[in-house]
């Protein structure tokens, strides 16, 4: 039995990866369907809160009479747009500053590294809560705040990846050919650390989704009229006994999506280590 467990895990791993891709694909499709946003926000004041199974509302309605199923589907837009912007934006900053720190070295590396160390010592979510409270919140304002707060992690990651290959023979050959730094970094160095970047992008999407949902749960994210899983969880606290699906649906959606991001990120990491990407 002990020898069967690793084999069984290896057999289940592709299934988990496929399911994760299907979950992310479903979230992406739902986020790109404009009609869901308006349909999920339709308010039925006469019905108010209804239990699951009510005619025309399989998962019931929330306190404002909005269909929980449609509202959860509509929340896919903020669940995908924000994390993608945060992860890609932070990685873009990380690529520029991390590569500059490793490539140039000297006082540039020292200055960037010290700033990164200071920012990494700060509690990210707490800083985001304070900033969102001061500037009044707002979804895209929170996205910008998290881009700045997540950038130090990417800078350190890219810097480490570049330093690991900075003195490889193919880069020395490129320098002997007197190729420009931008060309060397873009055409010779970036492809080598691409698996590292791809994996980190997906892993940061999971962190960004949880962070944005946390702010929305505290009332510092989207407006009350918008569809958002964190906001749904906050609004459903008073409906746990009358309609538990109002809280279960967005909670499960957050968990499934964040797990899918992590599984895909781990899969990219493994493929990259094997040289398959």
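The values are calculated or read from the model by the stated rules, or taken from the named source; none is laboratory data. Quick caveat, the model's predicted, so the values are computed rather than measured. Every residue, glycine among them, receives a Cβ derived from its backbone with ideal geometry; neighbour counts consider all protein chains shown.
Structure above, values below:
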| read-out | value |
| --- | --- |
| The listed residue being modelled with pLDDT under 85 and more than 17 Å from residue 82 (Cα to Cα), out of 159, 175 | 175 |
| Matching entry among 251, 186, 230, 272 (being in a helix (DSSP H, G or I), modelled with pLDDT of 85 or more, out of contact with any strand residue (DSSP E or B) (no Cβ under 7 Å at 6 or more places or on another chain) and surrounded by fewer than 20 Cβ atoms within 10 Å (Cβ to Cβ)) | 251 |
| Cβ-Cβ under 9 Å pairs, at least 6 apart or on other chains, the stretch 211-233 side at positive phi and touching a residue at least 40 places away in the same chain (Cβ under 8 Å), far side buried (at least 24 other Cβ atoms within 10 Å of the Cβ) and in a helix (DSSP H, G or I) | 219/231 |
| Total residues in the stretch 149-168, condition under 13 Å from residue 193 (Cα atoms) and under 16 Å from the mean Cα position of the chain (by Cα) | 1 |
| Qualifying positions in the stretch 199-227 - assigned to a helix (DSSP H, G or I) and either surrounded by fewer than 19 Cβ atoms within 10 Å (Cβ to Cβ) or out of contact with any helix residue (DSSP H, G or I) (no Cβ under 8 Å at 6 or more places or on another chain) (or both) | 210, 214 |
| Filter pass, residue 20 being within 21 Å of the chain's Cα centre (by Cα), within 29 Å of residue 202 (Cα to Cα) and at pLDDT below 75 | no |
| The lone exception for residue 167 - which of (1) over 17 Å from residue 216 (Cα atoms); (2) part of a helix (DSSP H, G or I) it fails | (2) |
| Options 112, 129, 86; residue that is touching a residue at least 40 places away in the same chain (Cβ under 8 Å), under 28 Å from residue 219 (Cβ atoms) and over 14 Å from the mean Cα position of the chain (by Cα) | 129 |
| Which numbered condition residue 160 misses (of (1) in a helix (DSSP H, G or I); (2) over 20 Å from residue 265 (Cβ atoms)) | (2) |
